[in-house]
Amino acid sequence: MRPAMIAVVLGASVVAPLAAQSVPMPSERPWYVSVSRYGKWVSLAGAAGLVTAAAVFDSDARAADAALSGFCEPDPTQCQLVGSGNGQRYISATAESLYQEAARLKKKSRSFLIGGQFAIVSAGSMFLIDLLYGDKTPRNIPFPGLELHSTPRQLGLAVRF
């Protein structure tokens, strides 16, 4: 081998490990960690809103059921069912409309409640992700205002505002 070729091979063998060592390893956290930092609060607020809406629709459905019962009490013949199977309906158009309104409100209430449950599970998952992958110093917890300091001849307590 020629001396020039030996010098190139030696130079490459010395430079190659240095170049490989200087390449920084990716230390970034996964994208979902940064999303979960604030997304957990949004999801929790959404869950509260959805569950509240479900409670409101359930209350309205109960009121519609009570109105149907109130309509049927004076004259039970108005609330007789005709037909069979899925084709059953009330004889009275008023009773049928009250029943359809109650059924519609119950369905909306169920839909909002299922959405609220998914939002709660989502928020819980994001809390776990933030706990596992997040910073070790929690930024969501307010800074404690009490500070204890000591020196060889002094012990003190400070309150920060």
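The values are calculated or read from the model by the stated rules, or taken from the named source; none is laboratory data. Since the structure is predicted, the reported quantities are computational estimates derived from the model, not experimental observations. Methodologically, a virtual Cβ is constructed for each residue, glycine included, from the backbone with ideal geometry; neighbour enumeration extends over all protein chains shown. We work out accessible area using only protein heavy atoms, side chains counted, and drop any ligands, DNA or RNA first. Shrake-Rupley method; radii C 1.70, N 1.55, O 1.52, S 1.80 Å.
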Given V82, V15, which one is more than 30 Å from M126 (Cα to Cα), open to solvent by 80 Å² or more (accessible area, probe 1.4 Å) and either modelled with pLDDT of 85 or more or hydrophobic (A, V, I, L, M, F, W, C) (or both)?
V15
Return the pairs, sorted by first residue and then second, in which the second residue is aromatic (F, W, Y) and at pLDDT 95 or above, the first residue lies in region 112-123 and is in a helix (DSSP H, G or I), the beta carbons are less than 7 Å apart, and the residues are 6+ apart or on different chains.
F112/F57
When you scan region 88-110, do you find a residue that is out of contact with any Asp or Glu (no Cβ under 7 Å at 6 or more places or on another chain), aromatic (F, W, Y) and at pLDDT below 95, even just one?
yes
Scan region 65-106 residue by residue and report those that are of a type in the set (S, T, N, Q) and farther than 25 Å from A54 by Cβ.
T77, Q78, Q80, S84, N86, Q88, S92, T94
Meets criteria (modelled with pLDDT of 85 or more and either out of contact with any Leu (no Cβ under 8 Å at 6 or more places or on another chain) or of a type in the set (V, I, T) (or both)) for A47:
yes
Can you list residue pairs whose Cβ atoms sit under 6 Å apart, with the first residue in region 58-72 being closer than 18 Å to A93 by Cα and the second being crowded, with 17+ Cβ neighbours inside 10 Å and of a type in the set (S, T, Y)? Count only pairs 6 or more apart in sequence or on different chains.
L68/Y99
Those residues that are surrounded by 12 or more Cβ atoms within 10 Å (Cβ to Cβ) and in a helix (DSSP H, G or I), I need them from region 85-100; list them, please.
T94, A95, E96, S97, L98, Y99, Q100
For M126, all conditions in the list (1) among the aliphatic types (A, V, I, L, M); (2) loosely packed, with under 15 Cβ neighbours inside 10 Å; (3) modelled with pLDDT under 95 hold save one; what is the number of the exception?
(2)
Quick one: would you say V56 is under 27 Å from E101 (Cβ atoms), part of a helix (DSSP H, G or I), at pLDDT 90 or above and under 19 Å from the mean Cα position of the chain (by Cα)?
no
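Scan region 18-44 for residues that are among the polar types (S, T, N, Q) and modelled with pLDDT under 55 and jot them down.
If the condition is that a residue be among the polar types (S, T, N, Q) and modelled with pLDDT under 55, then Q21, S22 are the ones that fit.
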Any residue at all in region 47-59 that is farther than 30 Å from A123 by Cβ, small (G, A, S) and surrounded by 12 or more Cβ atoms within 10 Å (Cβ to Cβ)?
no
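What do you reckon, is D130 closer than 30 Å to R29 by Cα and among the charged types (D, E, K, R)?
yes
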